1. Under the condition of being aromatic (Phe, Trp, Tyr) and surrounded by 14 or more Cβ atoms within 10 Å (Cβ to Cβ), which residue from the range 155-194 is modelled with the lowest pLDDT?
2. What are the residues in the range 131-148 that are of a type outside the set (A, V, I, L, M, F, W, C) and crowded, with 17+ Cβ neighbours inside 10 Å, if any?
3. Out of (1) modelled with pLDDT under 85; (2) small (Gly, Ala, Ser); (3) not in a loop (DSSP other than H, G, I, E, B), the odd one out for Ala102 is which?
4. State yes or no: is Phe146 at pLDDT 85 or above and within 21 Å of the chain's Cα centre (by Cα)?
5. Within the range 48-65, does at least one residue satisfy the condition of being touching a residue at least 12 places away in the same chain (Cβ under 8 Å), farther than 30 Å from Glu147 by Cα and in a helix (DSSP H, G or I)?
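The values are calculated or read from the model by the stated rules, or taken from the named source; none is laboratory data. Here the structure is a predicted model, which means the values were calculated and not measured. Cβ placement follows ideal geometry from the backbone for every residue including glycine, while neighbour counts extend to all protein chains displayed.
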Amino acid sequence: MNEKASPDRVFIFDTTLRDGEQSPGFHLDANSKLRIARQLEKLGVDVIEAGFPISSPGDFEACRRIAREIRGVTVTALARAVRALPELPQHVFVDGRDKIDAPCDCAAVIGGDGIVMSIAAASIIAKVTRDRLMCALAKDCPGYGFETHKGYAVPEHREALDRLGPSIHHRRFFAPVIAAREKHQPSIVEPDLFTVETHIVPGISVAV
């Protein structure tokens with residue numbers, strides 16, 4: 001955001017992607033978050049709260065994709081991560097097109113993981129950390145093979161989904177997960193993320 005903006009300027013800070021993730025019965029995968037972020041960009045919001053990248057590999061990937069694609073909007077999940085570091089860095093590299101609102105020097109590098117050594121190293125650390133998380137998850141959810149396929153949609157993972165049904169950790173709106181849920185839990189109906197039923201009077205509802 002521009003610190004020299006007029007004092008009468010109103011900045012729009014949107015938390016749809018953060019609060020939507022916490023709403024009971026809803027789950028936003030990376031594709032859903034990116035679709036919503038594109039619409040927020042068209043609406044001209046100033047700040048997008050993209051989520052909690054540390055909470056899961058899926059949320060990390062969603063925040064990263066939003067930061068890479070959405071232009072002219074501050075993505076605060078990344079800026080907050082910098083401020084939360086135990087020691088403030090002198091310089092931050094962003095693997096993408098746009099700088100973040102960091103409290104230090106910042107440079108955005110397209111394709112940075114193939115150009116900047118520190119970005120490449122961070123990508124390796126993130127991948128190794130994710131793999132370790134998947135191995136830990138395999139102990140809580142045996143039978144899915146998380147320790148081998150690390151959550152990717154390989155044939156072995158799809159077979160386990162079909163055989164066991166989805167766990168609470170699977171992305172609800174991923175097509176194979178939907179198919180497995182319909183097979184094992186046919187009575188459960190997931191809400192439509194993009195249609196909200198608003199009840200005006202008893203017996204009448206309007207989609208907004």
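1. Looking at residues that are aromatic (Phe, Trp, Tyr) and surrounded by 14 or more Cβ atoms within 10 Å (Cβ to Cβ), I get Phe173.
2. Let us first name the residues in the range 131-148 that are of a type outside the set (A, V, I, L, M, F, W, C), namely 131-132, 139-140, 142-145, 147-148.
Those that are of a type outside the set (A, V, I, L, M, F, W, C) and crowded, with 17+ Cβ neighbours inside 10 Å: Tyr144, Gly145.
3. Among (1) modelled with pLDDT under 85; (2) small (Gly, Ala, Ser); (3) not in a loop (DSSP other than H, G, I, E, B), the lone unmet condition for Ala102 is (3).
4. Taking the combined requirement at face value, the residue satisfies it.
5. Checked against the condition, which is being touching a residue at least 12 places away in the same chain (Cβ under 8 Å), farther than 30 Å from Glu147 by Cα and in a helix (DSSP H, G or I), the range 48-65 yields no hits at all.
One line per residue, one yes/no per condition, for (1) exposed (fewer than 14 other Cβ atoms within 10 Å of the Cβ); (2) touching a Gly at 6+ places or on another chain (Cβ under 6 Å); (3) within 30 Å of His169 (Cα to Cα):
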{"site": "Pro53", "(1), (2), (3)": "no, no, yes"}
{"site": "Glu61", "(1), (2), (3)": "no, no, yes"}
{"site": "Arg65", "(1), (2), (3)": "no, no, yes"}
{"site": "Thr74", "(1), (2), (3)": "no, no, yes"}
{"site": "Leu88", "(1), (2), (3)": "yes, no, no"}
{"site": "Gly96", "(1), (2), (3)": "no, no, yes"}
{"site": "Gly114", "(1), (2), (3)": "yes, no, no"}
{"site": "Val128", "(1), (2), (3)": "yes, no, yes"}
